[in-house]
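To start, the structure under review is shown below, and the notes come after it.
Values quoted throughout were computed directly from the atomic coordinates according to the rules given, and no laboratory measurement underlies them. Keep in mind that what you see is a predicted model, and the values were worked out from it rather than measured. With ideal geometry, Cβ positions are generated from the backbone for all residues, glycine too; neighbour counts draw on all protein chains shown.
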Amino acid sequence: MPVRRTYPKGTVVLAVGTKRGLFLLTSRDRRAWRADGPHLAGRRVFHAVLDARNGARLFAADNGDFYGSFVRYSDDFGRTWKDPVRPIAFPEGGGLALKNIWIVEPGRADEPKIVYAGTDPAALFTSRDAGRTWELNEGLQRHHTRSRWQPGAGGLCLNSIVVHPTNPRRMWVAISAVGVMRTDDGGQTWTFCNKGTRADFLPEKYPEFGQCVHRLIPHPGNPDVLYQQNHCGVYVTTNAGNSWTEIGGNLPSDFGFPMALDPHHPATIYTVVEDETRSNVGDQFTVYRSTDAGRRWQRLTRGLPKGRTVRLGVLRAGMCTDTHDPCGVYVGTNTGQLFASRNRGDSWKMIADYLPPIYSVAATVL
């Protein structure tokens, strides 16, 4: 019988999904880090998250090249894994086949067994028993515009899920390249929430849908406020997605993938933007921080690499923050470097190198 692994209270656990498996990095002081893994070695783990609502269940979006895609889960920090009894799958005869699972998102705090997952082709799946069985959200699947949805460069992927913290009937999803959608009736119907966001690659710059949302994140204290990093800019909504305001300001590029915010100071948001080569603008790898909800952005570079050969990219789920104050900020690159700051981004340290390309980083404080 496997020995159950435990960590002291207050330990920061980083779940790092990569092209060749899942790695766990742990630290009690955010100075010294211990790496463990790879778990699910050789698998493409697009996203992983530690769900602390009911114990410490680790979920991984495990995308295999030959044996299919599954949301697997572990209750011993990756030592052993369980497969779902009824996995994520599209109904037979419907013309759709699962390509990848992009994100796993725990549900509300008062619904500890509910977990959501987003896929390519774009669909929302729900588990009501902590990952054992999964069911398709039929309301989104049958949306009347679905036949006109077009994929982004990474596929037709549902890449972000935001649950309303207190209203069980409201949630948002982001789909590339469809946009943001919201349900107000528990997933039976869905409406577009894209007013004010650009789609410069389309003939109509402000369509009802067709925007390429890269990342959607919620404000921790005001559920009507959300931020998004888009193919065409950075945006905020203060009315639950009814309209958006562009907040790119002095950022050197409209294009980027990740976003994160400081949970104790939610007017402080972070992003990484890229140039047309999908890497850092110029010769300095830079994280950008705004402390005034996007009115102005600061360049954060202390401890980050610089030079003519520095060409780093960060994928949509490759940035996160922890719940300490001052918060830790974590950034994983598509060339396998993992950078951490324990002072809200003022300075940085590389805590892992030579990892496979990093798809996602998610922090949990035990």
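Determine the dipole magnitude for the chain: charges of +1 sit on the beta-carbon of Lys and Arg, -1 on that of Asp and Glu, nothing else is charged, the reference point is the Cα centre, and the result goes in debye to the nearest 20.
Here the size comes out at about 820 debye.
Can you tell me which of 168-181, 287-300, 222-235 comes out highest on packing, and rank the rest after it, using the mean Cβ neighbours within 10 Å?
Ranked from most to least packed, the peptides come out as 168-181, 222-235, 287-300.
For a quick check: with amide H placed at 1.01 Å from N, whose amide H comes under 5 Å from Val234's, ignoring anything fewer than 5 positions away on the same chain?
Ile247, Gly248
Could you tell me how far the Cα centroid of region 202-263 sits from the Cα centroid of region 122-200, in Å?
If we compute the Cα centre of each part, the gap is 16 Å.
Treat each spin label as a single point 7 Å out from the Cα along the C-beta direction, and report the Asn242 to Asn167 distance in nm.
1.0 nm
Starting from the Cα-Cα distance between Phe66 and His324, subtract it from 0.36 nm times their residue separation and give me the gain in nm to one decimal.
88.9 nm
At most 16 other Cβ atoms within 10 Å plus a DSSP loop assignment makes a site exposed; report the longest stretch of the chain without any exposed GluC sites (Glu not before Pro).
93-203
Mean separation of Cα pairs under 8 Å and 6+ residues apart, divided by the residue count of the chain: what relative contact order is that in percent?
Averaging sequence separation for qualifying contacts and normalising by length gives 12 percent for the chain.
Where does the chain land at 222 nm, in deg cm²/dmol rounded to the nearest 500, when only DSSP H runs of n ≥ 4 count, each adding -39500 (n - 2.57), divided by all residues?
Here the helix-only value at 222 nm equals 0 deg cm²/dmol.
Please identify which residues in region 189-216 have an amide N closer than 17 Å to a label point set 7 Å out from the Cα of Glu138, following the Cα→Cβ vector.
Residues 189-190 qualify, since their backbone N sits under 17 Å from the label point.
Cα atoms only: what Rg and Dmax, in Å, come out for the chain?
That works out to 19.1, 60 Å for Rg and Dmax.
So which aspartates and glutamates pass the test for Lys306, namely a Cα distance under 13 Å, with those fewer than 8 places away in the same chain ruled out?
In chain and number order, the partners are Asp283.
Considering the dipole of the chain built from charges on the beta carbon (Lys and Arg +1, Asp and Glu -1) around the Cα centre, which of Ala317, His144, Ser74 is farthest to its positive end?
Going by the charge dipole, the pick is Ser74.
Arg302 to Lys349: extension gain in nm, 0.36 nm per residue of separation minus the Cα-Cα distance?
Working it through step by step, the gained length comes to 16.0 nm.
Any chance you could check the Cα centroid distance between region 310-350 and region 33-103 for me, in angstrom?
Each part's Cα centre sits 23 Å from the other's.
List the pairs from Lys82/Lys113; Lys99/Lys195; Lys19/Lys113; Lys99/Lys205; Lys19/Lys82 whose alpha-carbon separation is above 24 Å, in the order I gave them.
Check vs 24 Å cut-off fails for Lys99/Lys195; Lys19/Lys113; Lys99/Lys205.
Compute the length gained on full extension between Thr189 and Thr6: take 0.36 nm times their separation in residues and subtract their Cα-Cα distance, giving the result in nm to one decimal.
Difference between extended and current length: 61.7 nm.
Between Glu111 and Asp254, what is the label-point separation in nm under the 7 Å Cα-to-beta-carbon projection?
Calculated label separation equals 3.6 nm.
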